[in-house]
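Peer 1: Below you'll find the structure I mean.
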Amino acid sequence: MKTSVFLEKLQEELEEDETLTPETNLKSLESYDSISLLAIIAFVDENFSKKIDTKHFKDIETISDLMNVIGKENFED
């Protein structure tokens, strides 16, 4: 998946007004809460067939961290 498409879809999923970048800190987003955490997990599972354990989220601060957990090989520029 193109990184730009991923960022757009994630922004839609989180219903976030702010444009997301790989450097965006997830915890700083107004819409980031336990519900959005579940939405991200479902979004990743749906789009990448990858299950993310909720305990991984303590180490995920930025969207780039999330992309690393998903696997950089799943993204193209």
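The values are calculated or read from the model by the stated rules, or taken from the named source; none is laboratory data. Remember, it's a predicted structure, so these values are computed and weren't measured experimentally. Every residue, glycine as well, gets a Cβ built from its backbone with ideal geometry; the counts of neighbours run over all protein chains shown. Protein only, heavy atoms only, side chains kept; ligands, DNA and RNA dropped before computing areas. Shrake-Rupley method; radii C 1.70, N 1.55, O 1.52, S 1.80 Å.
Peer 1: Could you go through region 58-75 and let me know if any residue there is among the hydroxyl-bearing types (Ser, Thr, Tyr), surrounded by 12 or more Cβ atoms within 10 Å (Cβ to Cβ) and in contact (Cβ under 8 Å) with a residue 40 or more places away in the chain.
Peer 2: Let us first name the residues in region 58-75 that are among the hydroxyl-bearing types (Ser, Thr, Tyr), namely 62, 64.
Then keep just the ones that are surrounded by 12 or more Cβ atoms within 10 Å (Cβ to Cβ); that gives 62, 64.
With in contact (Cβ under 8 Å) with a residue 40 or more places away in the chain added as a condition, the list becomes 62, 64.
Yes, region 58-75 contains a residue that is among the hydroxyl-bearing types (Ser, Thr, Tyr), surrounded by 12 or more Cβ atoms within 10 Å (Cβ to Cβ) and in contact (Cβ under 8 Å) with a residue 40 or more places away in the chain.
Peer 1: Residues of region 2-28 being farther than 13 Å from residue 66 by Cβ and touching a strand residue (DSSP E or B) at 6+ places or on another chain (Cβ under 8 Å), which ones?
Peer 2: Of everything in region 2-28, just one residue is farther than 13 Å from residue 66 by Cβ and touching a strand residue (DSSP E or B) at 6+ places or on another chain (Cβ under 8 Å), namely 2.
Peer 1: Return the residues of region 1-28 that are open to solvent by 50 Å² or more (accessible area, probe 1.4 Å) and acidic (Asp, Glu); say none if nothing qualifies. Working first, answer last.
Peer 2: Taking region 1-28 as the starting set, the residues that turn out to be open to solvent by 50 Å² or more (accessible area, probe 1.4 Å) are 1-2, 4-5, 8-9, 12-13, 15, 17-19, 21, 23, 25, 27-28.
Listed by number, the residues that qualify are 8, 12, 13, 15, 17, 18, 23.
Peer 1: Now, a different point. Across region 38-47, which residue is farthest from residue 8 (Cα to Cα) among those that are without any contact (Cβ under 8 Å) to a residue 40 or more places away in the chain and surrounded by 15 or more Cβ atoms within 10 Å (Cβ to Cβ)?
Peer 2: If we filter region 38-47 for residues that are without any contact (Cβ under 8 Å) to a residue 40 or more places away in the chain, which is where we start, we get 38-46.
Cutting the leftovers down to surrounded by 15 or more Cβ atoms within 10 Å (Cβ to Cβ) gives us 39-41, 43-44.
Details: 39: 14, 40: 13, 41: 16, 43: 12, 44: 13 Å.
Per the criteria, the residue is 41.
Peer 1: Ok, one more. Residues of region 35-49 being hydroxyl-bearing (Ser, Thr, Tyr) and closer than 16 Å to residue 71 by Cα, which ones?
Peer 2: Here is the first cut: in region 35-49, the residues hydroxyl-bearing (Ser, Thr, Tyr) are 36, 49.
Residue satisfying the conditions is 49 alone.
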